[in-house]
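*Asks:* My structure is below; once you've seen it, I'll send some questions.
The values are calculated or read from the model by the stated rules, or taken from the named source; none is laboratory data. These numbers were taken from a predicted model, which means no experiment stands behind them. Cβ sites come from the backbone with ideal geometry, for glycine too, and all protein chains shown count toward neighbours. Note: areas computed on protein heavy atoms with side chains; ligands, DNA, RNA excluded. Shrake-Rupley method; radii C 1.70, N 1.55, O 1.52, S 1.80 Å.
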Amino acid sequence: MSTLLVPYYEHPSVRPAEWDAIVAAAPRLYGVVLNPASGPGDRPDAAFAEVAARLRAAGVRVLGYADTDYGRRAAHNVVRDLTRHRDWYGTDGAFLDQVPSGPEGFEHYQKLAVAAWGVGCGTLVLNHGAAPHPCYARIADVLVTFEGTWASYRAQPPQTWPGGPDVRLCHLVYGVPPDADPEGLARARGAALLCAVPGTGDHPWGTLPYTLHNPENTP
């Protein structure tokens, strides 16, 4: 079962072994977020193009990262990023970051979703980082309803998702100790997808889930 959605924000030429581990884990991956330069960058990067091709050949969804700045970033800039991801890296989906949770932003993101579908994004992931209004489930395949530290994840009370079963929920957890059981907690909280990493600080997504280093710990 594909239960991992992996945002890994390191260059393939700097961390080739880690990218090899991601490709090798293909059967367990729902998707991988490609983020060469807080987006696609200003020009194609051959190393990212090569790893994206390997992921696609292994049957993995490749999701292009685009920052939306909680609705403040102009839609045409977001769509430009998604178009570059498609043209340069062959992405087949989008990971829209910094999405607001309130319903007042829905109309803007509905328009972004239509534009994303128009440039070939078959999978749309919205990263709210917290439980959003259920209206967002109408446009997304995946809603990231938690992003934060392991300590805050453990302390957060379980919440019932009111939006129905037609969208997958994902939790992104960092600062996870090696003896923790994030998979069990995610299942108990209704998340079908998870990425739990040991990284901390401003750049936790430069580390991989423990399960990619320890194949026997398959979620």
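*Asks:* Given region 105-219, what helices (runs of 4 or more DSSP H) lie entirely inside it while holding 1 or more residues that are among the polar types (S, T, N, Q) and within 20 Å of Ala66 (Cα to Cα)? Give the steps one after another, and end with the answer.
*Replies:* Numbers: elements: 106-118, 150-155, 182-188, 210-213.
Per the criteria, 106-118.
*Asks:* Please go through region 84-104 and pick out each residue that is assigned to a helix (DSSP H, G or I) and either surrounded by fewer than 20 Cβ atoms within 10 Å (Cβ to Cβ) or among the charged types (D, E, K, R) (or both). First the steps, then the outcome.
*Replies:* Restricting attention to region 84-104, the residues satisfying the condition of being assigned to a helix (DSSP H, G or I) are 84-89, 103-104.
Those that are assigned to a helix (DSSP H, G or I) and either surrounded by fewer than 20 Cβ atoms within 10 Å (Cβ to Cβ) or among the charged types (D, E, K, R) (or both): Arg84, Arg86, Asp87, Pro103, Glu104.
*Asks:* I need a count of the residues in region 1-26 that are of a type in the set (A, V, I, L, M, F, W, C), part of a helix (DSSP H, G or I) and open to solvent by 50 Å² or more (accessible area, probe 1.4 Å). Step through it out loud before you land on a result.
*Replies:* Our first condition is that a residue be of a type in the set (A, V, I, L, M, F, W, C); within region 1-26, this holds for 1, 4-6, 14, 17, 19, 21-26.
If we keep only those that are part of a helix (DSSP H, G or I) too, we end up with 17, 19, 21-24, 26.
From the residues that got through so far, the ones that are open to solvent by 50 Å² or more (accessible area, probe 1.4 Å) too are 17, 24.
Within region 1-26, residues that are of a type in the set (A, V, I, L, M, F, W, C), part of a helix (DSSP H, G or I) and open to solvent by 50 Å² or more (accessible area, probe 1.4 Å) number 2.
*Asks:* For the list (1) closer than 22 Å to Tyr174 by Cβ; (2) assigned to a loop (DSSP other than H, G, I, E, B), I need the number of the one condition that Arg73 fails.
*Replies:* The one condition Arg73 does not meet is (1).
*Asks:* Give the number of residues within region 142-166 that are open to solvent by less than 60 Å² (accessible area, probe 1.4 Å) and modelled with pLDDT of 95 or more.
*Replies:* Number of matching residues: 10.
*Asks:* Return the residue satisfying two criteria in turn: it lies in region 183-199 and is more than 17 Å from Ala130 (Cα to Cα) and at pLDDT 95 or above, and of such residues it is surrounded by the fewest Cβ atoms within 10 Å (Cβ to Cβ). Break it down into steps so the answer makes sense when it comes.
*Replies:* The first filter runs over region 183-199 and keeps only residues more than 17 Å from Ala130 (Cα to Cα), leaving 183-184, 197-199.
Subset that is at pLDDT 95 or above: 197-199.
Values: Val197: 23, Pro198: 17, Gly199: 15.
Residue satisfying both the conditions and the ranking: Gly199.
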